[in-house]
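To start, the structure itself, in C-alpha cells.
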C-alpha cells in the first residue's frame, strides 16, 4: 500500500482514462468522482474502478467521445442522454440543470439514460445539499438480486442516496445499495481471491456461498429480504421505465471487459424546502430531530464519519494498493 495525495491521484486517474479513450472532460469529471469516493472511505467506488472503466472505454462498452445532451425538458423535469459514455458528465449536467429548475419551481426530477456505473451515489448530491436543496439519487445496475421467490438475478443492487442540508453544519447524507452489501465488495474479494462472509450472496444454484467468484455468477442477498427486493424493483421502474434505459437483466456485468453497452438509468429528485413549509422551518425541524437522535450516546449521524475521513484525506492523502497504482502507471 502507498499513500498518495488526492490531487496526484486525481491526475493519475484522469491520465489513465484519457489514455483509454475518454475525452478530457469525461476523464476529469470521472477522476474527481472516484477520488471523492476514496477520500470518503468508499474504496469500492473509488479509483479501484479505473481499470474496469478503462477496459470498457478501450473495448467499446463505453464511448469515450460521448458528450451528454438534454433531450427532453419541462418546467420541473429533464432527461439527459449520456450517449453510452461514462456516467459522470451526464449526471453532472443533470444535477446542474435540475438545481436551476428546483430553485425556480420548487422541485425537479432529472433522468439520465444510456448511462454507465455512476459511482458513489451520494457524490452527486453534495452540490445539491450545499445549494440548500434536498437531493435524492437512484440508479439501476446490472442484475444481481432476484425477484422475491425467484432464482434468476433480475434487479440490480440499485443504490439509493439522500442528502439533507443543514443550516450550520455538514448535510446529513444517506447512501446505500439494496443488496446486503455493495457488490463492489464481492468484486474486490474475487480480485484478491478472498472469501466473503455468510449472508452476502448465493451461487448460481441459489445456495449460500463464501466463494466470491461463485457469488459473481450467482446473486446478491437483498438487504432486508423481501423488503429489499421490492425496493430494488421500485428503483428499476424509476430509473428505466421513466428514462428508456436498460433494465438490470438487459445489461451485462460491469466487471467484465466484454459485453454490451450497459445503458443504465439514473434519476435525481431535487426539492427546495422554501416551496413547502419554508427553509427556516425545515432547518429547525431537522435540527430538532438530530438533537433527539444524539441524546443517545451511541448514535452517529449518517455521513459524519465520511466527512471526517475526507478532511483527513485532504491533508494526508489516501492509501491505495500498489498493484492498482501500477495498473495506472504510477511510479
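A short reminder: the numbers here are calculations on the coordinates, not readings from a lab. Keep in mind it's a predicted model, so treat the numbers as computed, not measured. Reconstructed Cβ throughout: ideal geometry from the backbone, glycine too, with neighbour counts over all protein chains shown.
Return the residues of the stretch 203-220 that are over 19 Å from the mean Cα position of the chain (by Cα), surrounded by 17 or more Cβ atoms within 10 Å (Cβ to Cβ) and touching a residue at least 40 places away in the same chain (Cβ under 8 Å); say none if nothing qualifies. Scanning the stretch 203-220 gives 218, 219.
One residue alone among 288, 296, 257, 252 is in a loop (DSSP other than H, G, I, E, B), free of Cβ contacts under 8 Å to residues at least 40 places away in the same chain, more than 17 Å from the chain's Cα centre (by Cα) and farther than 21 Å from residue 175 by Cα, and that residue is 296.
I'd like the full set of residues that are more than 19 Å from residue 34 (Cβ to Cβ) and in contact with a strand residue (DSSP E or B) (Cβ under 6 Å, 6 or more places away or on another chain), limited to the stretch 100-127. 101, 102, 107, 108, 109, 110, 111, 113, 114 - these are the residues of the stretch 100-127 that are more than 19 Å from residue 34 (Cβ to Cβ) and in contact with a strand residue (DSSP E or B) (Cβ under 6 Å, 6 or more places away or on another chain). Each residue in the stretch 133-149 was checked for being out of contact with any strand residue (DSSP E or B) (no Cβ under 9 Å at 6 or more places or on another chain) and closer than 14 Å to residue 218 by Cβ, and 0 of them qualify. When the stretch 204-242 is filtered for residues that are closer than 27 Å to residue 82 by Cα and part of a loop (DSSP other than H, G, I, E, B), only 242 remains. Within the stretch 248-262, the residues that satisfy the criterion of being crowded, with 18+ Cβ neighbours inside 10 Å, within 20 Å of residue 232 (Cα to Cα) and touching a strand residue (DSSP E or B) at 6+ places or on another chain (Cβ under 8 Å) are 248, 251, 262. If the condition is being more than 30 Å from residue 106 (Cα to Cα) and surrounded by 12 or more Cβ atoms within 10 Å (Cβ to Cβ), then the stretch 300-310 contributes 305, 308, 309, 310.
Tallying residues that are without any contact (Cβ under 8 Å) to a residue 12 or more places away in the chain and over 17 Å from residue 111 (Cα atoms) within the stretch 226-243 yields 1.
The set of residues in the stretch 311-331 that are free of Cβ contacts under 8 Å to residues at least 12 places away in the same chain, in a helix (DSSP H, G or I) and farther than 14 Å from residue 6 by Cβ comprises 323, 326. Quick check on residue 325: is it under 25 Å from the mean Cα position of the chain (by Cα) and either over 30 Å from residue 79 (Cα atoms) or exposed (fewer than 13 other Cβ atoms within 10 Å of the Cβ) (or both)? Yes, satisfied.
Looking at 247, 283, just one residue is closer than 24 Å to residue 110 by Cβ and in contact (Cβ under 8 Å) with a residue 24 or more places away in the chain, and that residue is 247. Taking (1) under 14 Å from the mean Cα position of the chain (by Cα); (2) more than 30 Å from residue 97 (Cβ to Cβ); (3) buried (at least 21 other Cβ atoms within 10 Å of the Cβ) in turn, residue 181 satisfies each apart from (3).
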